[in-house]
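Heads up: the structure comes next, in structure tokens.
The values are calculated or read from the model by the stated rules, or taken from the named source; none is laboratory data. Keep in mind that this is a model prediction, so the values were computed, not measured. Cβ sites come from the backbone with ideal geometry, for glycine too, and all protein chains shown count toward neighbours.
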């Protein structure tokens with residue numbers, strides 16, 4: 001098969017999309033002008049049919065070029081217009097929507113779309129707390145519908161401390177308009193909103209959901225636990241349901257869990273094949289599906305490349321001149337570090353015996369070339385996801401999702417080595433929740449666990465993706481801040497301390513607050529992992545003895 | 001079973017023709033002849049000898065079903081599967097095209113990265129059902 005190099009194909013796709021964008025902009029503008037003079041009179045029928053056909057064309061085409069919302073909106077209007085023309089229903093509403101179409105999608109048409117359907121979209125939620133001028137713009141946008149203003153403001157404050165850009169609405173119509181102007185990343189609805197019955201808030205959510213093509217995550221808050229209300233919530237696509245009195249910390253946790261999935265780094269695939277054209281083609285297919293891909297046509301370099309790239313999945317050609325795929329797989333499996341990496345073989349022949357031999361030696365999956373792009377994406381996705389989940393389950397703490405004791409220590413070692421190579425500063429932080437035993441004794445372990453989870457979420461949310469966070473002991477956390485000097489680290493940990501102290505936890509109808517103490521230390525030449533942790537721990541001890549609820553960076 | 005290699009594509013929309021070519025040629029490794037009307041398709045089909053016909057439903061003058069009827073007269077196209085492409089409207093619509101003799105219907109908008117794979121699986125199913 002003759003495949004063009006990846007970059008040429010992508011450049012051509014980009015150009016086509018850009019051409020289409022310009023055309024679409026003109027076309028929506030022209031449609032607005034066209035319908036302006038039209039009425040429901042019978043002599044305008046032909047003109048309306050033409051409008052209908054033009055909408056049909058956009059409905060079919062826009063999504064292919066990445067403008068899914070516009071395509072959906074046109075399809076909707078096309079169907080409404082069809083119905084109106086056949087039943088003789090009034091056209092005023094449709095005319096109104098059509099005339100607003102261009103203005104409505106102007107922002108989408110201004111930005112050059114670089115994403116095709118099915119491709120992972122980068123969501124800018126990973127804001128660096130170490131970058132002081134990171135703007136609120138990059139924070140996930142959350143709209144809240146709540147008629148109790150005091151509670152609403154409290155909720156906004158808590159979400160702001162988790163670095164969400166939260167906006168409160170006390171009016172359903174205003175919320176709907178805001179969603180039209182800028183779609184939020186999540187919606188929090190008070191189902192008991194307005195006193196016209198329990199489902200009023202939900203009806204507003206349903207109306208908004210109806211107008212957006214992409215599934216908008218909705219979280220609902222409600223006083224009753226009525227089954228029918230919850231069922232309706234499920235059917236409206238509500239992601240999380242919280243009964244009142246509302247616990248803002250729980251809500252923030254729900255949001256965090258939901259949005260965390262989007263923040264995960266792309267899955268890494270290493271492909272080894274001696275045929276450069278096949279590699280280019282498969283790379284294009286996988287990269288378009290959101291994978292990070294490295295290709296290699298020299299099998300002898302596989303271990304070196306794996307060391308640097310740390311793939312989640314290895315895809316090997318079965319027959320290569322220097323060594324076969326199964327031979328290469330065995331070499332990889334000699335190294336304990338790579339025992340977990342799934343191996344998928346690609347073969348030009350469907351020879352069942354060769355397949356069996358390959359799988360017996362080492363390997364997890366066998367695919368015959370040529371492979372349909374979706375089949376390749378599906379096979380690699382399934383393997384990569386499973387490998388990631390396993391690795392995460394083995395190294396992550398069940399309560400908090402943070403790294404476990406041994407794993408954070410191991411990763412601190414690696415981070416330290418990297419910081420030395422790159423001559424970058426690195427800080428280690430030991431952090432401990434104050435009087436945690438008292439919380440457990442007074443309110444029970446479940447409440448204590450909630451406090452730990454709230455802090456874990458705050459840390460994950462506010463620190464950078466490149467920072468390491470581990471649950472070191474019961475209520476003790478170890479942070480590794482890469483490329484960060486001590487004064488900056490102290491400032492960050494102190495800001496987090498203030499945010500955490502503002503949280504209000506609920507137990508037995510009472511609310512209470514918690515604080516933490518921390519010791520911060522910048523690594524200096526020659527410090528090993530144990531020394532660093534030991535010295536940071538001494539500073540933590542000092543923070544405790546000086547009265548707690550503080551950050552100490554001096555011995 | 002023969003391998004799917006040559007696709008004749010009929011669509012009056014230039015931008016869709018262009019992206020379909022990339023989807024099938026560059027990404028799918030297939031050979032494509034693009035025709036901007038049913039009439040042109042009828043003229044060129046026999047010489048190109050396609051393995052599969054991909055036809056847009058809504059075109060001016062000669063629409064998809066009319067094109068299908070005209071192509072049915074071309075002897076060289078006997079046994080060549082026909083796939084219709086249409087913007088989604090009502091779910092019931094598709095059966096009507098199948099009844100006209102289409103093998104499958106692809107709904108617009110389509111994902112260019114997945115189009116070739118979709119045609120390949122339609123091709124495989126078609127030949128499976130022919131031999132079975």
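Laid out as a table, the results:
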quantity	calculated
Failed item, numbered, when residue B:62 is tested on (1) within 14 Å of chain A (Cβ to nearest Cβ); (2) buried (at least 17 other Cβ atoms within 10 Å of the Cβ); (3) closer than 15 Å to residue B:13 by Cβ; (4) free of Cβ contacts under 8 Å to residues at least 60 places away in the same chain	(1)
Any strands (runs of 3 or more DSSP E) falling wholly within segment A:262-348 and containing at least 2 residues that are more than 17 Å from residue A:365 (Cβ to Cβ)	A:292-296
Qualifying residue in segment A:259-275 (condition: within 14 Å of chain B (Cβ to nearest Cβ), buried (at least 16 other Cβ atoms within 10 Å of the Cβ) and closer than 30 Å to residue A:139 by Cβ)	no
Flag for residue A:372 being buried (at least 18 other Cβ atoms within 10 Å of the Cβ), farther than 30 Å from residue A:447 by Cα and within 14 Å of chain B (Cβ to nearest Cβ)	yes
Residue within segment A:386-395 that is within 20 Å of residue A:481 (Cβ to Cβ) and at pLDDT below 85 present	yes
Number of the exception - residue B:35 against (1) under 20 Å from residue B:107 (Cβ atoms); (2) buried (at least 17 other Cβ atoms within 10 Å of the Cβ); (3) in contact with a helix residue (DSSP H, G or I) (Cβ under 8 Å, 6 or more places away or on another chain)	(1)
Segment A:375-404 - residue that is within 30 Å of residue B:122 (Cα to Cα) and more than 19 Å from the chain's Cα centre (by Cα) and, of those, surrounded by the fewest Cβ atoms within 10 Å (Cβ to Cβ)	A:378
Residues being at pLDDT 85 or above, more than 30 Å from residue A:291 (Cβ to Cβ) and away from chain A (no Cβ under 11 Å) - total across segment B:83-96	1
Subset of segment A:34-72 [more than 9 Å from chain B (Cβ to nearest Cβ) and without any contact (Cβ under 8 Å) to a residue 24 or more places away in the chain]	A:34, A:37, A:41, A:42, A:43, A:44, A:46, A:47, A:50
So residue A:82, is it within 14 Å of chain B (Cβ to nearest Cβ), more than 19 Å from residue B:56 (Cα to Cα), modelled with pLDDT of 85 or more and touching a helix residue (DSSP H, G or I) at 6+ places or on another chain (Cβ under 9 Å)	yes
Evaluation of residue B:80 against (1) part of a loop (DSSP other than H, G, I, E, B); (2) at pLDDT below 90 (one fails), failing number	(2)
Those residues of segment A:8-33 which are surrounded by 15 or more Cβ atoms within 10 Å (Cβ to Cβ) and more than 10 Å from every other protein chain (Cβ to nearest Cβ), in sequence order	A:21, A:25, A:27, A:28, A:29, A:31, A:32
Boolean, residue A:75 is within 11 Å of another protein chain (Cβ to nearest Cβ) and touching a strand residue (DSSP E or B) at 6+ places or on another chain (Cβ under 9 Å)	yes
